[in-house]
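Accompanying notes for the structure given below.
We did not get these values from a lab; they are worked out from the coordinates using the rules stated. Since we're looking at a predicted model, the values are computed, not measured. Heads up, the Cβs are rebuilt from the backbone with ideal geometry, glycines too, and the neighbour counts pull from every protein chain shown.
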Amino acid sequence: MANKDKVFDVIMAISDIIEEKKLYLTQLDAAIGDGDHGLNMAKGFGAAREKLESGSFQTPSDILKAVGMALISKVGGAAGPLYGTAFLNASKVVAGKEEIGLADFTAMLESALDGVKSRGKAVRGEKTMVDALEPALDALKAALDEGTAPEEALNRAVKAAEEGVAFTKTIRATKGRASYLGDRSIGHEDPGAMSSYVILKTIAETCSR
Ligand code: ADP
Ligand code: MG
Ligand code: MG
């Protein structure tokens, strides 16, 4: 599925798409938060890009670790440290490996999600990125059990994340800044769930290439 070069390409592709969606993510956050999610994400992945382009990395794990550190150190908002933890956890799962397969990726996403949930003290249904990531993980686990091919498994995970984003529109936020709005957060998609979906979609597309 992905070696070191592919993982590098995935991060570059994420950095590109986040830059492209910067305004959109920021507009989503303006509706229920403080209007900086796109800016925060672009700053973090811009820093990750610079770090990767200026250094040399031996394994997928080394790349993911550098990304996690960049996100944690360069992003002020809530999402930076949460995504940073996610990438650091994913990095640890594949320490020393040259090649990431579907089972590895599933384990990486599981550990990434665990990190987000424990650091953010969030569970599913609170209108956060967890609402995109957890359905994606469930879909991946099911696909893995069925022996589904990696490309199809990733597509199912992306679809589950997309449905998770749609679900966030129907619920009230109980974590993060959007929770200050109470019921007025209903009717808006969660920006972090949207960025998680965009990231998963980019991973799937880049790995299928
Ligand atoms: P900030 O809210 O500090 O401005 P961002 O706008 O970059 O940070 O990120 C907001 C997103 O972070 C939310 O849309 C939500 O998905 C996610 N988020 C915020 N708090 C939590 C939390 N406690 N647990 C999980 N995700 C969270
Ligand atoms: Mg914000
Ligand atoms: Mg902010």
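May I ask you to list pairs of residues, at least six apart or on different chains, whose Cβ atoms are under 8 Å apart, with the first in the stretch 1-18 being farther than 20 Å from Lys97 by Cβ and the second being surrounded by fewer than 19 Cβ atoms within 10 Å (Cβ to Cβ) and of a type in the set (Gly, Ala, Ser)?
Listed pairs, sorted by first residue: Ser15/Gly46.
Just the residues that are assigned to a loop (DSSP other than H, G, I, E, B) and either small (Gly, Ala, Ser) or over 17 Å from Ala2 (Cβ atoms) (or both), please, taken from the stretch 49-93.
Within the stretch 49-93, Gly55, Ser56, Val75, Gly76, Gly77, Ala78 qualify.
Only residues that are within 13 Å of ligand 2 (Cβ to nearest atom) and either more than 14 Å from the chain's Cα centre (by Cα) or in a loop (DSSP other than H, G, I, E, B) (or both): list them for the stretch 34-48, please.
Of everything in the stretch 34-48, those that are within 13 Å of ligand 2 (Cβ to nearest atom) and either more than 14 Å from the chain's Cα centre (by Cα) or in a loop (DSSP other than H, G, I, E, B) (or both) turn out to be Asp34, Gly35, Asp36, Leu39, Lys43.
Please count how many residues of the stretch 107-126 are more than 17 Å from Ala193 (Cβ to Cβ) and buried (at least 22 other Cβ atoms within 10 Å of the Cβ).
Final tally of qualifying residues: 1.
Check the stretch 26-42 and report whether any residue there is more than 16 Å from ligand 3 (Cβ to nearest atom), loosely packed, with under 15 Cβ neighbours inside 10 Å and more than 19 Å from Ala86 (Cα to Cα).
Taking the stretch 26-42 first, the residues more than 16 Å from ligand 3 (Cβ to nearest atom) are none.
Looking through the stretch 26-42, none of the residues is more than 16 Å from ligand 3 (Cβ to nearest atom), loosely packed, with under 15 Cβ neighbours inside 10 Å and more than 19 Å from Ala86 (Cα to Cα).
For the condition over 19 Å from Asp190 (Cα atoms), buried (at least 17 other Cβ atoms within 10 Å of the Cβ) and in contact with a Gly (Cβ under 9 Å, 6 or more places away or on another chain), what is the one hit in Val75, Val67?
Only one candidate qualifies: Val67.
Can you tell me which of Arg124, Arg184, Arg172 is over 20 Å from Lys22 (Cα atoms) and either assigned to a helix (DSSP H, G or I) or of a type in the set (A, V, I, L, M, F, W, C) (or both)?
Going through Arg124, Arg184, Arg172 in turn, just one is over 20 Å from Lys22 (Cα atoms) and either assigned to a helix (DSSP H, G or I) or of a type in the set (A, V, I, L, M, F, W, C) (or both): Arg184.
For the stretch 149-165, how many residues are free of Cβ contacts under 8 Å to residues at least 12 places away in the same chain and part of a helix (DSSP H, G or I)?
Counting residues in the stretch 149-165 that are free of Cβ contacts under 8 Å to residues at least 12 places away in the same chain and part of a helix (DSSP H, G or I) gives 1.
Please verify whether the stretch 127-148 includes one or more residues that are assigned to a helix (DSSP H, G or I), among the charged types (D, E, K, R) and surrounded by 19 or more Cβ atoms within 10 Å (Cβ to Cβ).
Looking for residues that are assigned to a helix (DSSP H, G or I), among the charged types (D, E, K, R) and surrounded by 19 or more Cβ atoms within 10 Å (Cβ to Cβ), one finds at least one in the stretch 127-148, hence yes.
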